[in-house]
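The values are calculated or read from the model by the stated rules, or taken from the named source; none is laboratory data. Note that the coordinates shown come from a computational prediction; the quantities given were computed from them, not determined experimentally. Because the Cβ atoms are built from the backbone with ideal geometry, glycine has one as well, and the counts that use them run over all protein chains shown. Accessible surface is based on the protein model in full, side chains and every heavy atom, while ligands, DNA and RNA are left aside. Shrake-Rupley method; radii C 1.70, N 1.55, O 1.52, S 1.80 Å.
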Amino acid sequence: MQKCNTWVGLVVFIVLAAFGCTDSAAALADNLPKLRANVIGWYTRGAASEEAIRRYMRTLREDGSWPDVDYADATRGGWRTYSHVSRTLAMAQAYKQPGHPLAGDAQLRAAIIKALAHWTEKNYVNPNWWYPQIGVPMTVAPILVLMGDEVPSELSDATLQRVLSRSKMGMTGQNKVWLAGIAFLKGLLREDSGLMTQARETIFEELRITTAEGVQPDYSFHQHGPQLQWGNYGASFARDMIKWAGIFRGTDYALDRQQIAIVGRYLSEGLAWVLWHGRMDISACGRQIFRGCQASKGRGILRQLELMEGVDPGRADVYRAIRAANGPDATNAPTGHKHFWRSDITIHRRPTWYASVKMSSTRVIGAETCNSENMMGLHLGDGVTYFCRTGAEYEDLFPVWDWRRLPGTTCLQNAQSLVPNSKRCRGRSDFVGGVSDGVTAMEYIRGSLHARKAWFFVDDAVVCLGAGIKCDDPEAVLTSVNQCVLNGPVTISTGRRTRELSRGERSAGRLDWVHHDGIGYVFLEPQTATAGAATQSGNWRAIHRRELAATVERDVFNLWIDHGPQPQNARYAYAVLPDVTVEKTQSFSDAPRTTVLVQTSSLQAVASADGREVQAAFFERGRLAWGDGRAIEVEAPCLVMFEETAAPARLHVADPTHRRKALRVRVTGRYTGSAVTYNSRKRESEVTIDLPDAGLAGRTVTVELHR
């Protein structure tokens, strides 16, 4: 029987509870000078320019405030008053950075103290708990450490008591790490070795593989429940762990090799997979969809990879290669296919293109809003499918997007609110998953709308199938093939007649294929579809309340399939061919290299042209037949990929429900292997596969079958 030992391969990365030091308080006391120097060294990296610092000094008013800071702002996200402490920290960093033109400058020192005194006296508080408990203390504590005895003792004491006292250790995930980090700096200021020891232990309690909030067994990251948070809390987690690894380096309390390995693998096997040409996949950004979010979050991860080279020099070449692959005109790496079973997201990477599918299930929350962010993101976990070549295909398109036509989704075109919450964004089916390296599928249920959707990653194309689409509501149901930045001509073929769309035109009808911006879209069966190349308008404030309400216009490419109102058993079938010419799109349409074997609500499957590779989404138990008497039969709903492209044959399976302990699969032909039995009467081999459980449930299992 094919065995899967739970957590094998991950155990070596679990954090040890002990730190290998019998008297940690005494050791920290012995290491205080080194720790203080490391903190100062860390926070003075990349100080602001002389020009920026002089501008802060020049505009600072006599009472220690700045005229362009809104001190009455009460915005819960993107609090404008917070820029006061950010500027003060920037000045302190420049003051202490060796070699900075203003290092040790007396006027700069006076400005820092004046600005710090203003904040401490006024004690500004935002209604969002995060700012007074984490955001402000996390910025103010380093100011006190950097300035040391140069801050008058009465001001330092007052700041500790009035500002930093609101921050206390507790909570979970990245919030816990932030709070413990603040506690460590408070301990350093007070030379309280006991507090420093407790804070250090608390920080690294979160440096573990877990099924609670934090780094997951597949190297995705959860916060706010079972919700993917790579670009928000997960990015901060990576940054903080690297920061504390640097601060503790060279002391008795440096991270051990196992702890460093977790950080390194989280970067290389998690975050690196959602970077493309230096930008972060929108599906990884979480609720923080704002102007420039993909590029800014991408830069942040690339910076962490650079810093990780110093923390983990033994794998510096790995981190360096990932950074290089995100440079201009680079061939991207890593390449491959990975389904992150803990977070319901699939990533497919080729040297010249990228695709992702983000879903939600009864196990995983697909989206959230918080602090008036992501106010239109209800459908972001509903099978959103992005295709990228340059990485700029969707950049800053959010204010003009039609959020009921997100790429890849099948959506009811009603007028209900698009504001997400955990109840509305947790899927209603547990059949959501993927097989690496092939099929991804989900049963989609929202209100009365039901659809069974599958994505098949084959050769240089993605075949997208949907079936059993039904809805009782009176509005139309659409499946969006893509909605991206218009870049160049849109070529369409109808009845084998080819033409380019005019700017501002939409064309609806029985389309054969469409080509735009180096990507071809081929309809595999007659389909009523609409292609458009038109200007769309909107505003940033509709999705993020702190943004401007000014109207934004962008030229947008749209392609969608119209299932009409109240569809019953509707379906779609199309292939997306990234990185192809118009001519190659036409060629694929004339002779598809992939065959759709079955497309029903219970089974969707495709095969390569030679029939030696088959992918199937069994939404129900069943049998798939193809070619000259070939067949696969499964006893329960599952996802299957069968390859006979080389010896031995390989059978890849996954349980998208995460509930089964084992699965029996029958394949025509005589095979041998672990837990394989041959039935000579039926001329088929039965394979019994043990499936992973606990944190590994849903992961792909591969079995080799020998002739």
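At-a-glance table
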quantity: Whole-percent carbon and sulfur share, accessible surface of region 183-327, 1.4 Å; calculated: 45
quantity: Packing rank of 404-417, 87-100, where each peptide gets the mean count of other beta carbons within 10 Å, highest leading; calculated: 87-100, 404-417
quantity: Residues of region 417-478: accessible area per residue with a 1.4 Å probe, Å²; calculated: 32
quantity: Probe 1.4 Å, protein heavy atoms only - accessible area per residue of region 199-263 in square angstrom; calculated: 25
quantity: Of all accessible heavy-atom area on region 569-707, the percent that carbon and sulfur account for (1.4 Å); calculated: 44
quantity: For region 645-702, accessible area per residue (1.4 Å probe, heavy atoms of protein chains only), Å²; calculated: 46
quantity: Label point distance in nm, E620-D149, each placed 7 Å from Cα along Cα→Cβ; calculated: 8.1
quantity: Cα Rg over Rh - region 268-417, Kirkwood; calculated: 0.98
quantity: Residue among V458, G298, M241 farthest towards the positive dipole end of the chain, charges placed on Cβ; calculated: V458
quantity: Volume per residue that the Cα convex hull of region 630-699 spans, once the total is divided by residue count, Å³; calculated: 90
quantity: Length released on extending from R55 to K661, taking residue separation times 0.36 nm less the Cα-Cα span; calculated: 211.8 nm
quantity: Most to least packed among 177-188, 659-670 [average Cβ atoms within 10 Å]; calculated: 177-188, 659-670
quantity: Theoretical ellipticity at 222 nm over the chain - DSSP helices of four or more residues, -39500 (n - 2.57) apiece, nearest 500; calculated: -8000 deg cm²/dmol
quantity: Cβ charges +1 (Lys, Arg) and -1 (Asp, Glu), total dipole of the chain, debye; calculated: 680
quantity: Highest-first arrangement of 283-292, 225-234, where packing means the average Cβ count within 10 Å; calculated: 225-234, 283-292
quantity: Percent carbon-and-sulfur accessible area, region 40-102, ignoring ligands, DNA and RNA, probe 1.4 Å; calculated: 48
quantity: Under the Debye formula (equal points on every Cα, no solvent term), log10 I(q)/I(0) of region 441-548 at q = 0.13, 0.22, 0.23 Å⁻¹; calculated: -0.68, -1.24, -1.26
quantity: Accessible area in the full protein assembly, largest first, 1.4 Å probe, for T688, T211; calculated: T211, T688
quantity: Listed residues S360, I445, S156: farthest to the positive end of the dipole of the chain (Cβ charges); calculated: I445
quantity: Magnitude of the charge dipole, region 580-671, Cβ model with Lys/Arg +1 and Asp/Glu -1, debye to 20; calculated: 480
quantity: Stretchable slack from D256 to R291, in nm (0.36 nm times residue separation minus alpha-carbon distance); calculated: 8.7 nm
quantity: R162 paired with A103, simple spin-label distance in nm, labels 7 Å along Cα-to-beta-carbon; calculated: 3.3
quantity: Area projected by the alpha carbon convex hull of the chain, averaged over all directions, nm²; calculated: 32.1
quantity: Partners for K423 among aspartates and glutamates (Cα-Cα distance below 15 Å; same-chain residues under 8 apart left out); calculated: E368, D382
quantity: Separation of the R249 and D473 label points, Cα + 7 Å toward Cβ, nm; calculated: 5.3
quantity: Lys, Arg +1 and Asp, Glu -1 on Cβ, resulting dipole of region 416-458 about Cα centre, debye, nearest 20; calculated: 300
quantity: Kirkwood-type radius of region 121-212, with distances r between different C-alpha atoms, in Å; calculated: 13.7
quantity: Rounded to the nearest 10 Å², the accessible area of W353 at probe 1.4 Å; calculated: 10
